[in-house]
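Below is one structure, written out as structure tokens; the observations come after it.
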Amino acid sequence: MERKVEYIEICPECNSKSLTKDYERAEIVCNDCGLVIDEKIMDMGPEWRAFDYEQRVKRSRVGAPMTYTIHDKGLSTVIDWRDKDSYGKDIAPRSRAQIYRLRKWQQRIRVSNATERNLAFALTELDRVASRLTLPRNVRETAAVVYRKAVEKGLIRGRSIEGVAAASLYAACRKCKVPRTLDEIADSAKLNRKEIGRTYRFVSRELSISLKPTTPIDYVPRFGSELSLSGEVQSKAIEILGKAMSQELTSGRGPTGVSAAAIYIASVLLGERRTQREVADVAGVTEVTIRNRYKELAERLDIEITI
């Protein structure tokens, strides 16, 4: 008879949540009253031990995790381009021709129809743009999922693959709160800004992707990090932006320009001064924009700045 596995999170005796799984005795014990809640539990981990990362990689017998950034989700076998066997030894010369043929057919089998060819090209393009923007893994995975949904609904027809991939990446950035402007996406993808914006609006409407507009506060950590500003300056900039948003001073203004102005004000107030040119280069706006925005903020929020 198969034993049903239940995940117990609370002690039935004293209602304590402080439980310990003792794998040596195969028991779950309450730390407060000492009650043995369950016994003969199964250890779902590996049977081997590893004391560093190298040992863990060497002893593991599973492949890479599934990923949406590869057209076949990384589940197919890949024959390495190097002529080495599983032990790292050189393959005998008489076997290399056979390995070459196997490698060639493996590449052909991995991409077998038009949809897979589309995905293979688009996800490669998506990964290239994401690499240029130094985006984290979760953003790439989210963008790949958005693109796959667009393919399933037939939204690619009549539009460039590169445009839909860039629009998916922009949507993923906003969804994961890793703000990148349309100009940055367009520059990295080598595409027209209007085309990406138009495609993004179409895809988000058809896939029912509802995202809140980015706020100036979203850009502060990124700009502050690129300017090597301390956490205190970034906190001050967020405080200034919070007051500005409460008074609706950011309405109708570009979020990057307002964020850059707040960072400039905070850097001056806390003695970590950065020039308007330095802030403008990082934020991708002009010095004139920063001057206009910081004067508005300083005047409306009663901030005295000594230039």
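Residues considered: Tyr68, Tyr100, Tyr87. Largest GNM mean-square fluctuation over the chain, using C-alpha springs under 10 Å, is found at Tyr87.
Relative to the longest principal axis of the Cα atoms of the chain, helix 231-246 runs at roughly 60 degrees.
Counting only alpha carbon atoms, the long axis of helix 93-110 and the longest principal axis of the chain meet at about 60°. For the range 1-133, relative contact order (Cα pairs under 8 Å, six or more residues apart, normalised by length) works out to 13 percent. As an equivalent ellipsoid, the chain spans semi-axes of 45, 35, 21 angstrom, where each value is the square root of five times an eigenvalue of the C-alpha gyration tensor, largest first.
Between Ala64, Ala167, Ala120, the Gaussian network model of the chain with springs among Cα atoms under 10 angstrom shows the greatest mean-square fluctuation at Ala64. With Cα atoms as the point set, the radius of gyration and Dmax of the range 1-62 evaluate to 15.3, 44 Å.
The calculated FRET efficiency for the pair Glu27 and Tyr53, based on their C-beta separation and a Förster distance of 45 Å, comes to about 0.90.
Each of Arg117 and Lys194 was given a label point 7 Å from its Cα along the Cα-to-Cβ line. The distance between the two points is 3.2 nm. A simple spin-label model places pseudo-atoms 7 Å from Cα toward Cβ; at Lys104 and Lys84 they are separated by 2.5 nm.
Based on the alpha-carbon gyration tensor of the range 88-240 and its eigenvalue square roots a ≥ b ≥ c, which shape applies: rounded if a/c is under 1.5, prolate if not and a/b is larger than b/c, or oblate?
Note, shape of the range 88-240 comes out oblate.
Projecting the Cα atoms of Pro65, Ala166, Gln98 onto the dipole axis of the chain, where Lys and Arg carry +1 and Asp and Glu carry -1 at the beta carbon, places Gln98 farthest toward the positive end. Between Lys194, Lys236, Lys17, the residue with the greatest mean-square fluctuation in the GNM of the chain (Cα pairs under 10 Å linked by springs) is Lys17. In this rough spin-label picture, where each label sits 7 Å from Cα along the Cβ direction, the Glu226-Asn15 distance is 5.3 nm.
Taking all Cα pairs closer than 8 Å and separated by 6 or more residues, the relative contact order of the range 216-300 comes to 33 percent. About the centre of its Cα atoms, the chain shows a dipole size close to 1860 debye [charges on the beta carbon of Lys, Arg (+1) and Asp, Glu (-1) only; nearest 20 debye].
Residues Trp81, Trp48, arranged from fewest to most other Cβ atoms within 10 angstrom of their Cβ, appear as Trp81, Trp48. A viscosity of 1.002 mPa s and a temperature of 20 °C, combined with the Kirkwood radius over C-alpha pairs in the Stokes-Einstein formula, give the range 1-148 a diffusion coefficient of 104 µm²/s. Counting only GluC sites (Glu not before Pro) that DSSP places in a loop and that have at most 12 other Cβ atoms within 10 Å, the longest clean stretch of the chain runs over 48-247. Please work out whether the range 221-262 counts as rounded, prolate or oblate from its C-alpha gyration tensor, where a ≥ b ≥ c are the square roots of the eigenvalues and a/c under 1.5 means rounded, while otherwise a/b larger than b/c means prolate and anything else oblate? Judged from the Cα gyration tensor, the range 221-262 comes out oblate (a/c at least 1.5, b/c at or above a/b).
Listed by chain and number, the lysines whose alpha-carbon sits under 18 Å from that of Lys40, ignoring those within fewer than 8 places in the same chain, are Lys4, Lys21. Taking the longest Cα principal axis of the chain as reference, the axis of helix 161-175 is set at about 80 degrees.
At 0.36 nm per residue, minus the direct Cα-Cα distance, what do Leu301 and Lys153 gain on full extension? Give it in nm, one decimal, please.
Using 0.36 nm per residue and subtracting the Cα-Cα distance, I get 48.4 nm.
Computed over the chain, relative contact order equals 9 percent, with contacts defined as Cα pairs under 8 Å that lie 6+ residues apart.
Compared with the alpha-carbon gap, the fully stretched path from Glu278 to Thr134 is longer by 49.8 nm at 0.36 nm per residue.
Read the figures in this text as sums done on the coordinates, not as results from a lab. None of the values given here were measured: they were computed from a predicted structure. Note: ideal-geometry Cβ built from the backbone for every residue, glycine included; neighbour counts use all protein chains shown.
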